[in-house]
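Engineer: So that we are looking at the same thing, I have put the structure below in structure tokens.
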Amino acid sequence: MKAKSLKRELAVWLFGVLSTLLAVDAWYSYSDALRAANQAYDRSLSASLKGIAERIYATESEIVVDIPYSALELFEAGSSDRVFYSVGLSGEAPITGYDALPTPSDLEPNIAVFYDGYYKGQALRLGAMLKPLYRTEFAKPVVVVIGETTNSRQEVVQRLFKSEIGRKALLVVVALLVALSATRIAVKPVESLGEAIRSRPDDDLTPVDSRQVPAEVVPLVDAINLHMDRIGRMLEARRRFITDAAHQLRTPLAVLNTQAEYALRQRRAEDMRPAVEAFHQSLGSAIRLTNQLLALSRAEPVNGLMLSRQQVDLAAIARDMVVELLPLAERKRIDLGYEGDDSPLFIAGNPVLLREMVANLIDNALRYTPTDGLVTVVVEAAPESARLRIIDNGPGIPEGSRDQVFLRFFRLNPNDHHGSGLGLSIVREIVHGHDGEIELLDAPDGQGLEVRVSLPA
Ligand SMILES: Nc1ncnc2c1ncn2[C@@H]1O[C@H](COP(=O)(O)OP(=O)(O)O)[C@@H](O)[C@H]1O
Ligand SMILES: [Mg+2]
């Protein structure tokens, strides 16, 4: 997906909002302009209407209409408009002027009324009023109507409207341009920040200087610095781990070397045999150490194995591992047993890692419990979780060392070269990767160790 552009988004929004506002404003501007033009033009319509009405009078036999030229000239001077008028008794054909001009029905004496109408296909603005004659011969009043085509009125409206809208449209365009260049200015520091980070050497994890950036970008810089700090510490931990691992591997390899040299010095094949046996044993520890290193690397969160979770039957895994390690237990005459239901106990997890975890814990129990000992593996359901307990009756781990044994390469007995000191680190990595918890306790009988692992169901 293409990244959203701030500039584009802002432009679209601003343009949408401003043009809607402009459209609404245009509507109001148009009605304002029309009202202003009507007001001005109606005033002269009114003058003409009154001019004509003043010159209407009645004798005993007829009505005299003497339309003053000025009343009509007013409109025609220099304008493209035509004027229509009619004077006649209310409800009858006009005495003079045009036939059937639109006339409102509810006129009142001596009050001019203005309205829009159509006449012979042309839009007209009209004024009308009633003039009472106050004579018994003519009971009905005279209706005076005068209308004018709206060309020049429209011209004025359009001129007013266009200049108004033109100015405002210009304002919208300027506002858009200002907003766009403002985002460009605002985004600039982010771009140069990106450039500065991109052009760094690979191993430069020093903090970015947040004094060079505007206040709004400081949180981003802080977050980058925090992340770089984390990466730096992770790299340092990894570097230390590789050094430690190399040191740990060096010991069995040096022993192997000595044993090989010793074997080579022997002249007779049968003298070589004990040396080769020792050689074989040391090789076993070296292989174990290498396997543990690999297991640890697999269990690390960066490896992503933890992400591929599925429904896993923890009880089945525990039973399988007990069966798998029975030969090891028999060699030490240890009574290795499984306690728990035969029904499955499902948790969301990675089966490979969970087997690794159980194997390491049973291996520890068998390894550190003396001959003829007792090791019990328990799997039980707990509220919203599953619990795995591995109980032995060996020497246990003193309370003060229960944190340390989780450290990489830590062994309670540093002279024990069979272990790698990685087992519990691997276990804890796997437990935490499954959002679980691990505890070291005294065994229920008092003698020995109980390792208790809780994993969310
Ligand atoms: N069940 C146990 N009983 C007594 N001590 C134990 C037990 N499990 C672990 N330990 C102690 O914790 C240390 C660290 O264990 P671990 O990380 O598995 O490394 P390793 O077993 O390779 O030495 C062991 O060296 C041992 O001293
Ligand atoms: Mg171990």
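Engineer: Roughly how tilted is helix 423-433, in degrees to the nearest 10 and between 0 and 90, from the longest Cα axis of the chain?
Structural biologist: The helix 423-433 is inclined about 20 degrees to the chain.
Engineer: Based on Cβ point charges of +1 for Lys and Arg and -1 for Asp and Glu, what charge dipole magnitude is obtained for the range 264-366 about its Cα centre, in debye rounded to the nearest 20?
Structural biologist: 660 debye
Engineer: Identify all aspartates and glutamates with a Cα-Cα distance to LYS168 below 17 Å; exclude those on the same chain that are fewer than 8 residues away in sequence.
Structural biologist: Partners found: ASP25, ASP32.
Engineer: Measuring from label point to label point, each 7 Å out along Cα→Cβ, what is the ASP32 to VAL276 span in nm?
Structural biologist: So the label points at ASP32 and VAL276 sit 10.8 nm apart.
Engineer: What trypsin sites (Lys or Arg not before Pro) does the range 124-187 have in DSSP loop regions with at most 12 other beta carbons within 10 Å?
Structural biologist: In loop regions of the range 124-187 (DSSP not H, G, I, E or B), the sparsely surrounded trypsin sites (Lys or Arg not before Pro) are ARG135.
Engineer: Pairing the Cα long axis of helix 151-198 with the longest principal axis of the chain, what angle in degrees results, from 0 to 90 and rounded to the nearest 10?
Structural biologist: Approximately 10 degrees, to the nearest ten.
Engineer: How big is the gap, in Å, between the Cα center of the range 182-206 and the Cα center of the range 233-258?
Structural biologist: Using only Cα atoms, the two centres lie 38 Å from each other.
Engineer: For the chain, what is the relative contact order in percent, using Cα pairs closer than 8 Å and at least 6 residues apart in sequence?
Structural biologist: After rounding, I find 10 percent.
Engineer: Still on this structure, please answer the following. Name the residues whose placed amide hydrogens come within less than 5 Å of the amide hydrogen of ALA457, ignoring near sequence neighbours (fewer than 5 apart) on the same chain.
Structural biologist: Amide H to amide H, under 5 Å and 5 or more residues apart or across chains, ALA457 pairs with SER385, ALA386.
Engineer: What FRET efficiency, computed as 1/(1 + (r/R0)^6) with R0 = 56 Å and r the Cβ-Cβ distance, is obtained for LEU21 and ARG239, rounded to the nearest 0.05?
Structural biologist: E between LEU21 and ARG239, to the nearest 0.05, is 0.35.
Engineer: Which value, in Å³ per residue, describes the convex hull spanned by the Cα atoms of the chain?
Structural biologist: For the chain, the hull spanned by Cα atoms encloses 325 Å³ per residue.
Engineer: Hey, another quick one. If neighbour count is taken as other Cβ atoms inside 10 Å, put VAL113, VAL377 in order from fewest to most.
Structural biologist: VAL113, VAL377
Engineer: Lys/Arg Cβ at +1, Asp/Glu Cβ at -1, dipole of the chain taken about the Cα centre: which of LEU14, LEU193, LEU307 is farthest positive-ward?
Structural biologist: Sorting the options by dipole projection puts first LEU193.
Engineer: Run the dipole for the range 1-98 about the Cα centre, Lys and Arg Cβ at +1, Asp and Glu Cβ at -1, nothing else charged, and hand back the magnitude in debye, nearest 20.
Structural biologist: With only Lys, Arg, Asp and Glu charged at Cβ, the dipole is about 1200 debye.
Engineer: For the range 352-457, what is the convex hull volume of its Cα atoms per residue in Å³?
Structural biologist: 103 Å³
Engineer: Please work out the FRET efficiency for the pair LYS332 and ASP229, using the Cβ-Cβ distance as r and a Förster radius of 41 Å; give the result to the nearest 0.05.
Structural biologist: Calculated transfer efficiency: 0.30.
Engineer: Can you list the lysines whose alpha carbon sits under 25 Å from that of LYS140, skipping same-chain ones fewer than 8 residues off?
Structural biologist: Qualifying lysines at Cα under 25 Å: LYS50, LYS131.
Engineer: Net charge around THR376, counting only other residues with Cβ within less than 11 Å of its Cβ (Lys, Arg = +1; Asp, Glu = -1)?
Structural biologist: Taking every other residue near THR376 into account, the sum is -4.
Engineer: How far apart, in nm, are two points set 7 Å out from the Cα along the Cα-to-Cβ line at SER152 and at LEU180?
Structural biologist: 4.4 nm
Engineer: Additional query: Hey, what D do you get for the range 216-299 in µm²/s if you plug the Kirkwood alpha-carbon radius into Stokes-Einstein at 10 °C and 1.306 mPa s?
Structural biologist: The diffusion coefficient I find is 98 µm²/s.
Engineer: Find, among the GluC sites (Glu not before Pro) in the range 331-392, those assigned to loop by DSSP (not H, G, I, E, B) with at most 10 other beta-carbon atoms within 10 angstrom.
Structural biologist: GLU384
Engineer: Right, next: What trypsin sites (Lys or Arg not before Pro) does the range 323-399 have in DSSP loop regions with at most 10 other beta carbons within 10 Å?
Structural biologist: ARG333
Engineer: I've got another one for you. If you fit an axis through the alpha-carbon atoms of helix 269-299 and take the longest principal axis of the Cα set of the chain, what angle between them do you get, 0 to 90°, nearest 10?
Structural biologist: Tilt relative to the chain: about 20 degrees.
Engineer: In addition: Using the count of nearby Cβ atoms within 10 Å as a rough guide to exposure, how do VAL218, VAL312 rank from fewest to most?
Structural biologist: Lowest to highest Cβ neighbour count: VAL218, VAL312.
Engineer: Sticking with this structure for a sec: Return the percentage of antiparallel bridges among DSSP beta bridges fully within the chain, rounded to the nearest 5 %.
Structural biologist: Counting DSSP beta bridges with both partners in the chain, the antiparallel share is about 90 percent.
Engineer: Suppose every K and R has +1 on its Cβ and every D and E has -1 on its Cβ; what is the size of the dipole of the chain about the Cα centre, in Debye to the nearest 20?
Structural biologist: With only Lys, Arg, Asp and Glu charged at Cβ, the dipole is about 1560 debye.
Engineer: Using the number of other C-beta atoms within 10 angstrom as an exposure proxy, rank LYS140, LYS4, LYS131 with the fewest first.
Structural biologist: LYS4, LYS140, LYS131
Engineer: Work out how much length ASP222 to SER61 would gain on full extension: take 0.36 nm times their residue separation and subtract the Cα-Cα distance, in nm to one decimal.
Structural biologist: 47.6 nm
Engineer: Right, next: At a Cα cut-off below 20 Å, give the aspartates and glutamates reachable from LYS4, other chains included and same-chain residues fewer than 8 away excluded.
Structural biologist: Of all the aspartates and glutamates, those that pass the test against LYS4 - Cα under 20 Å, at least 8 places apart if same chain - are GLU191, GLU195, GLU216.
Engineer: Same structure again: Based on C-alpha coordinates, I'd like the Rg and Dmax of the range 126-258, in Å.
Structural biologist: Using the Cα atoms of the range 126-258, the pair Rg, Dmax is 42.2, 150 Å.
Each value in this text was obtained by applying a stated rule to the coordinates, not by laboratory testing. Nothing here was measured: the structure is a model prediction, and the numbers come from that model. Cβ coordinates were reconstructed from backbone atoms using ideal geometry, including for glycine residues, and neighbour counts include every protein chain displayed.
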